[in-house]
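Enquirer: The structure under discussion is supplied below as C-alpha cells; questions concerning it will follow.
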Amino acid sequence: APSPTTAVPYMSVKCIDVRKNHHKTKWLMPWGPNHCEKLKDFDEAVSRQIEANDIVFAVHIPLPSKEMSPWFQFMLFIMQLDIAFKMDNDLKENAEITLDVSLAYRDDMFGDWEEIAHAIEIRKLKCTFGSPKTLESEGRHYDCDFLPFMEIGSVAHKYYLINIRLPVNERKGINVGIGEIKDIRLVGIHQNGGFTKVWFAMKTFLTPSILIIMVWYWRRITLMTRAPVLLEKVIFALGISMTFINIPVEWFSIGFDWTWMLLFGDIRQGIFYAMLLSFWIIFCGEHMMDQNERNRLSGYWKQVGPIAVGSFCLFIFDMCERGVQLKNPFYSIWTTEVGTELAMAFIIVAGICLCLYFLFLCFMVFQVFRNISGKQSSLPAMSKARRLHYEGLIFRFKFLMLITLACAAMTVIFFIVSQQVTEGHWKWGDMTIQVNSAFFTGIYGMWNLYVFALMFLYAPSHKNYGEDQSNGDLGVNSGEELQLTTTITHVDGPTEVYKLARKEAQE
C-alpha cells in the first residue's frame with residue numbers, strides 16, 4: 001500500500017474584500033472564473049490605501065485541476081506564518097494572533113459555496129530571530145513554530161475553500177504587535193486513498209475470520225460440564241473487542257458525511273488497548289502460584305484499576321480535542337499554554353506508564369517461566385507418553401508467552417509512534433519519524449493473529465483417548481488414562497498448561 005498520509009503545501013492568496021462595492025458573494029476565490037481581486041504584497045496595499053481589515057487570505061483545496069475524495073478520510077491543516085522584521089513594527093513577546101476563519105464546500109466548479117464552519121480563533125506565536133534587530137536586518141523573516149489550524153473527520157466533498165481574515169483593532173489590542181505578516185502558508189495532511197482501500201479490505205476480510213473462531217471457541221466452552229473460568233472469559237472479551245475494532249463501519253464514510261468517525265475510531269482503539277493490557281496481566285497472573293486467590297477478577301484490581309483510569313483519561317483528553325472539533329474544526333487544545341502543557345504531559349506520562357507496564361509484564365513472564373521450569377523437573381519420573389504430552393504443552397505455552405512479549409513490545413512502540421505521528425508530528429521540533437503503511441497494517445494484522453491464536457490454543461479440547469490408543473502404542477495403563485484426558489474431566493482450568501502451572505498439578 002502507499003504511505004498512510006500525504007502532506008500538500010498551500011500558499012494563501014491575498015484577496016481584496018470589495019463587498020462594500022456590492023460584491024455578489026461573501027466567499028473569495030483565489031483563482032478560477034470568479035476569482036477575487038488580488039494583491040501582490042502589502043506594499044501595494046499601502047500604496048492603494050487598502051486597510052488590513054479589507055484583506056482576506058484565500059486558500060482553495062485541493063490545488064487546481066484536482067479534487068478531493070471521501071477515500072481521504074480526514075483533513076488536518078497546520079499553519080505557518082511568514083513574518084518579516086521591521087524596526088517600527090516589531091513582534092512582541094508572547095504575541096497572540098486573532099484569526100477570523102471560515103470554511104466552505106461545493107461539489108462542482110460552478111456551484112455556490114456552502115458554509116461548514118466559522119470561528120474566531122486565537123493562536124500564540126512562538127518565533128525566534130537569528131540576527132540582531134538592527135536596520136540592516138529589516139526584511140529578514142522570523143523562524144516561527146507551526147500552528148494547529150484545522151481538522152475535519154471526513155472528506156465528503158470535492159472542493160473546499162478557506163477564507164482567513166486578520167482583523168485589526170488597536171483600541172482593543174487585537175492583532176497589534178504581531179510583526180509584519182507577509183504570507184500565510186498551510187500544509188494539508190490527508191490519508192491516502194490507496195492506503196484506505198487496503199485498510200478497508202483488511203477489515204472486511206478479518207471480521208468474519210475472528211467472528212467464526214469466536215463462535216467456535218464459545219461453543220467449546222459451553223459444551224463443558226463446568227462454568228467458564230476467568231481466563232476463558234477474558235479471552236472471549238478480548239475477541240469481542242477485536243471484533244469491535246474490525247467491523248468495517250468505515251465503508252459508510254464513503255457515502256455519508258460522518259465527521260465523528262475519527263473520534264469513534266479512537267474510542268474503539270482505546271477499548272481494545274485497555275482489554276489487551278488487562279488480558280496480559282490476567283494471563284500471566286493465572287499461570288502463577290504466588291497466590292491462592294485465582295480465577296477472580298477482584299484479585300487483579302490493583303493491576304487492572306490503573307489501566308481503566310488511564311483509558312478514562314485518554315477518553316477525556318480525546319473528547320476535549322476531537323469532541324469539540326465536531327462543532328468547531330478550528331479548535332485545538334494545543335492553542336493555550338495550559339492545554340499544551342496538559343496534552344504534552346499526558347503523552348509523556350502515557351509513554352512512561354506504558355514502558356513501566358512492559359517492564360512489569362516482563363517480570364511476571366519471568367516468574368511464570370521459573371514456575372514452569374520447576375514443573376519440568378518432575379517430568380522424568382512420568383511415563384514416556386505423559387512426559388511427551390506435557391513437554392509439548394510446556395513448549396506451546398513458552399512459545400505463546402514469547403509471542404505475547406513481542407506483541408506487547410510492538411504495541412508499546414506503535415502507541416508511542418502513532419501518538420507522535422497523529423497528535424504532534426509538527427510539534428516535536430526537528431525530530432521526525434517516517435512511518436510507512438507496512439507498520440500500520442503489520443501491527444493490525446499481528447493483533448488479529450494473536451487473538452485468533454489465543455482462542456485456538458486455549459479452547460478446551462474434547463479429545464478422548466480410547467482403549468486401543470491408551471493401552472496400545474502409547475504403552476499407558478488405565479490408571480494414567482485420566483491424566484492424559486483434557487480438562488473436560490477437571491474443574492480447575494481451561495487447559496492442561498493452566499492446570500500444570502497451579503499447585504494441583506504438582507500434587
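Enquirer: From the residues Ile245, Pro208, Thr259, which one has its Cα farthest along the dipole of segment 199-262 in the positive direction, the dipole being from +1 and -1 charges on Cβ of Lys/Arg and Asp/Glu about the Cα centre?
Expert: Pro208
Enquirer: In nm, to one decimal, how far is the modelled label at Gln367 from the one at Ile348, with both set 7 Å along Cα→Cβ?
Expert: Here the answer is 3.1 nm between the modelled labels.
Enquirer: Continuing with this model, one more query. Filter the cross-link list Lys38/Lys133; Lys38/Lys197; Lys158/Lys327 down to pairs whose alpha-carbon distance in this structure exceeds 28 Å. Mind dumping the intermediate values first?
Expert: Details: Lys38/Lys133 32 Å; Lys38/Lys197 40 Å; Lys158/Lys327 21 Å.
The pairs that break the limit, which is 28 Å between Cα atoms, are Lys38/Lys133; Lys38/Lys197.
Enquirer: How large is the charge dipole for segment 194-458, taken about the Cα centre, if only the Cβ atoms of Lys, Arg (+1) and Asp, Glu (-1) carry charge, to the nearest 20 debye?
Expert: On the way: 20 positive and 14 negative charges, 295 e Å.
Around 1420 debye, computed over segment 194-458.
Enquirer: Additional query: What's the Cα-based Rg to Rh of segment 252-349, Rh via Kirkwood? The partial results should precede the final answer.
Expert: Details: Rg = 18.1 Å, Rh = 16.0 Å.
Here the Rg-to-Rh quotient is 1.13.
Enquirer: From the Cα trace of segment 147-275, what convex hull volume per residue do you get, rounded to a whole Å³?
Expert: Values: hull volume 22.3 nm³, N = 129.
Hull volume normalised by residue count: 173 Å³.
Enquirer: Here is a follow-up. Apply 1/(1 + (r/R0)^6) to the Cβ-Cβ distance of Lys133 and Leu211, taking R0 = 56 Å, and write down the FRET efficiency to the nearest 0.05.
Expert: Values: r = 66 Å, r/R0 = 1.18.
Efficiency, from the Cβ-Cβ distance: 0.25.
Enquirer: With labels modelled as points extended 7 Å from the Cα through the Cβ direction, what inter-label distance (nm, one decimal) is found for Val249 paired with Val176?
Expert: 5.0
Enquirer: Given the whole protein assembly as supplied and a 1.4 Å probe, what does the accessible area of Trp218 come to in Å², nearest 10?
Expert: Probe radius 1.4 Å; accessible area of Trp218 about 80 Å².
Enquirer: How much length would be gained if the chain were fully extended between Cys313 and Met11, taking 0.36 nm per residue of separation minus their Cα-Cα distance, in nm to one decimal?
Expert: Numbers: separation 302, 0.36 × 302 = 108.72 nm, distance 3.77 nm.
So the chain would gain 104.9 nm between Cys313 and Met11.
Enquirer: What residues of segment 118-146 lie in the reach of a label at Met87, counting those whose backbone N is under 19 Å from a point 7 Å from the Cα along Cα→Cβ?
Expert: Answer for segment 118-146: 129-142.
Enquirer: Separation between the Asn94 and Ile122 pseudo-spin-labels, each 7 Å from Cα along Cα→Cβ, expressed in nm?
Expert: The answer from the label model is 1.2 nm.
Enquirer: Enter the Cα centre distance for the pair segment 333-350 and segment 304-318, rounded to the nearest angstrom.
Expert: First find each Cα centre; the distance between them is then 16 Å.
Enquirer: Which length gain, in nm to one decimal place, applies between His35 and Phe146 when the Cα-Cα distance is subtracted from 0.36 nm times their residue separation?
Expert: Details: separation 111, 0.36 × 111 = 39.96 nm, distance 2.82 nm.
Between His35 and Phe146, full extension yields 37.1 nm more.
Enquirer: Top to bottom by accessible area (1.4 Å), largest first, where do Val417, Val59 land?
Expert: Val417, Val59
Enquirer: Which value, in debye to the nearest 20, gives the size of the charge dipole of segment 183-280 about its Cα centre, when Lys and Arg are +1 and Asp and Glu are -1 at the Cβ?
Expert: Working: 8 positive and 5 negative charges, 96 e Å.
In debye, rounded to 20, segment 183-280 gives about 460.
Enquirer: Could you give the length gained on full extension between Asp112 and Asn328, defined as 0.36 nm per residue of separation minus the Cα-Cα distance, in nm? Can you show the working numbers first?
Expert: Working: separation 216, 0.36 × 216 = 77.76 nm, distance 2.19 nm.
Additional length available on full extension: 75.6 nm.
The values are calculated or read from the model by the stated rules, or taken from the named source; none is laboratory data. Note that the coordinates shown come from a computational prediction; the quantities given were computed from them, not determined experimentally. Note: ideal-geometry Cβ built from the backbone for every residue, glycine included; neighbour counts use all protein chains shown. These area figures cover heavy atoms from the full protein model, side chains too; ligands, DNA and RNA do not enter into them. Shrake-Rupley method; radii C 1.70, N 1.55, O 1.52, S 1.80 Å.
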